[in-house]
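The values are calculated or read from the model by the stated rules, or taken from the named source; none is laboratory data. All of these numbers come straight from a predicted model, not from anything done at the bench. Please note: Cβ atoms are built from the backbone with ideal geometry, for glycine as well, and neighbour counts cover all protein chains shown. Accessible surface areas use protein heavy atoms only, side chains included; no ligands, DNA or RNA. Shrake-Rupley method; radii C 1.70, N 1.55, O 1.52, S 1.80 Å.
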Amino acid sequence: MHTEPGETPFRAEAPPRERALVPLRIPSGWAVLFNIFVEFPDDDPPTPAEVSAYLSEDILLVQPVSYTGSGWAVDTDPSRWFIDLGWYSSGDPDGTYRLCLVRDGWNEVPVRFEHRDCHAVQKAFNTLTAMLAEGSGTELIARVLDDPRFLDEGSR
């Protein structure tokens, strides 16, 4: 490619600016392995670079940890639950968040919550982790999150 003086051969897209993470309640015994769950206020929608950087299938991964006697370690036992949050379809501004409780390498996904609003997902995540910490079963958690009244003000 021939470039004249003063021209650039390509136009680099500006890197995405940092956004505030959505606050989440993480109970003890769990570790955040990665987190790019950021808020996009209605009056400040994401730029194309932010859509590419922040709206992917890999937004948040939370796994249980256990004390090994010499320190804490992520529990990789496939029979243990982990929590995954992604945006589907990845990079599509018209997509939606998908929050899942997963076990056995994605062979068991008893809890799935989908919504476009980060605050709805925040509430679902906090409810999910609180109910797990209380010892609630996955069937009950799924029923609570699937209830049409779940996002009403004042519910859990």
**Message:** If I model a spin label as a point 7 Å beyond the Cα along the Cα-Cβ vector, how far apart are those points for VAL74 and ARG17 in nm?
**Reply:** 3.1 nm
**Request:** Return, ordered by residue number, the residues of the stretch 79-94 whose backbone nitrogen is under 14 Å from a label point located 7 Å along Cα→Cβ of ARG116.
**Result:** 88-89, 92-94
**Computed P(r) (all Cα pairs; the chain; 10 Å bins; percent)** = 10, 35, 30, 15, 6, 4, 1
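Quick one: longest stretch of the chain between exposed loop GluC sites (Glu not before Pro), exposed meaning at most 16 other C-beta atoms within 10 Å and loop per DSSP?
Formally, the longest exposed-site-free interval is 58-152.
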**Fill in**
For the stretch 43-101, averaging the sequence separation of alpha carbon pairs under 8 Å that lie six or more residues apart and dividing by its residue count, the contact order in percent is 35 percent
**Message:** If I model a spin label as a point 7 Å beyond the Cα along the Cα-Cβ vector, how far apart are those points for GLU108 and LEU140 in nm?
**Reply:** 1.8 nm
**Request:** Restricting things to alpha carbons, find the Rg to Rh ratio for the stretch 66-156 using the Kirkwood radius for Rh.
**Result:** 1.02
**Prompt:** Which trypsin sites (Lys or Arg not before Pro) in the stretch 12-62 pass both tests, a DSSP loop state and at most 14 other beta-carbon atoms within 10 Å?
**Reply:** ARG17, ARG25
**Fraction of accessible area attributable to carbon and sulfur, the chain (%, probe 1.4 Å)** = 50 percent
**Message:** Give me the base-10 log of I(q)/I(0) for the stretch 46-97 at each q in 0.16, 0.29 Å⁻¹, Debye formula, one uniform scatterer per Cα, rounded to two decimals.
**Reply:** -0.59, -1.02
**Item:** Sequence of PHE40, PHE34, PHE113 from largest to smallest accessible area, 1.4 Å probe
**Value:** PHE34, PHE40, PHE113
